[in-house]
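Below is one structure, written out as structure tokens; comments come after it.
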Amino acid sequence: MKRILFLTVVLGVALMITFIGFNVNSQERNMQKLNLQTKIGDGKDKEVTPLFDGDRRKIVQITLRNKAILDAHKAAEPITIQCVAGKGLLIVGEEKEEVELKVGVLVTIEPNVVHEIRALSKVSVLLTKFKEK
């Protein structure tokens, strides 16, 4: 009888540890706090800082200093570009549509659309790339 009670307690504790462990892991996967740099200090002319790389999206902070240019390129997935510090110019598409990048501006860009970013003096943007599963 004592042996059955002991095994029941051990099994119960093992199940609780497993359940709590799954719960903690689930919370870690459901949410992650990211710390953005909202002031542009000294550094390289072009800096790319990875912030998050998940199954469905990737988030990086791109900082350009000294009127640096992120050359024209395309992304295979849809992206968003949000200015978090400084000022810049986003040039989008074959028609070279210009968008002034200043704090609070968020731009969506469809897949395979040419775009480039130019720092007016310095600019920092948050780029989110949406991946297919």
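The values are calculated or read from the model by the stated rules, or taken from the named source; none is laboratory data. Computed from a prediction, not measured in an experiment: that's the story for all the values here. Using ideal geometry, Cβ is built from the backbone for each residue, glycine included, and neighbour counts are taken over all protein chains shown.
Of all residues in segment 71-90, count the ones that are farther than 18 Å from Gln37 by Cα, out of contact with any Lys or Arg (no Cβ under 7 Å at 6 or more places or on another chain) and part of a strand (DSSP E or B). Break it down stepwise before answering.
Keep residues of segment 71-90 that are farther than 18 Å from Gln37 by Cα, which gives 71-79, 89-90.
Narrowing the set further to residues that are out of contact with any Lys or Arg (no Cβ under 7 Å at 6 or more places or on another chain) leaves 71-74, 76, 78, 90.
Going one step further and asking which of them are part of a strand (DSSP E or B), we end up with 71-73, 90.
Looking only at that region, the number is 4.
Out of Lys102, Lys44, I need the residue that is free of Cβ contacts under 8 Å to residues at least 40 places away in the same chain and in contact with a Cys (Cβ under 6 Å, 6 or more places away or on another chain). Which one?
Details: Lys44 fails: in contact with a Cys (Cβ under 6 Å, 6 or more places away or on another chain).
The match here is Lys102.
Could you check segment 92-129 and list, in sequence order, the residues that are in a loop (DSSP other than H, G, I, E, B) and over 25 Å from Asn66 (Cβ atoms)? Don't jump to the end; show me each part of the working.
Within segment 92-129, the first condition is being in a loop (DSSP other than H, G, I, E, B), and the residues that meet it are 93-96, 103-105, 110-114.
Once the filter is applied, which keeps residues that are in a loop (DSSP other than H, G, I, E, B) and over 25 Å from Asn66 (Cβ atoms), segment 92-129 yields Gly93, Glu94, Glu95, Glu110, Pro111, Asn112, Val113.
Which residue out of Gly86, Gly104 is in contact with a Ser or Thr (Cβ under 6 Å, 6 or more places away or on another chain) and among the small types (Gly, Ala, Ser)? First the steps, then the outcome.
Values: Gly104 fails: in contact with a Ser or Thr (Cβ under 6 Å, 6 or more places away or on another chain).
Within the list Gly86, Gly104, the selection yields Gly86.
Could you list, in sequence order, all residues of segment 107-133 that are within 12 Å of Ile81 (Cα to Cα), free of Cβ contacts under 8 Å to residues at least 60 places away in the same chain and surrounded by 14 or more Cβ atoms within 10 Å (Cβ to Cβ)?
Those that are within 12 Å of Ile81 (Cα to Cα), free of Cβ contacts under 8 Å to residues at least 60 places away in the same chain and surrounded by 14 or more Cβ atoms within 10 Å (Cβ to Cβ): Val107, Ile109, His115, Glu116, Ile117.
Within segment 29-37, is there a residue that is closer than 16 Å to Cys83 by Cβ, at pLDDT below 95, in contact with a Ser or Thr (Cβ under 9 Å, 6 or more places away or on another chain) and part of a loop (DSSP other than H, G, I, E, B)?
The answer is yes, given that some residue of segment 29-37 is closer than 16 Å to Cys83 by Cβ, at pLDDT below 95, in contact with a Ser or Thr (Cβ under 9 Å, 6 or more places away or on another chain) and part of a loop (DSSP other than H, G, I, E, B).
Within the set of pairs 6 or more residues apart or between chains, which connect a residue that is more than 11 Å from Val105 (Cα to Cα) and β-branched (Val, Ile, Thr) inside segment 71-88 to a residue that is surrounded by 15 or more Cβ atoms within 10 Å (Cβ to Cβ) and at pLDDT 95 or above with Cβ atoms less than 7 Å apart?
Ile79/Ile109; Ile79/Leu127; Ile79/Thr128; Ile79/Lys129
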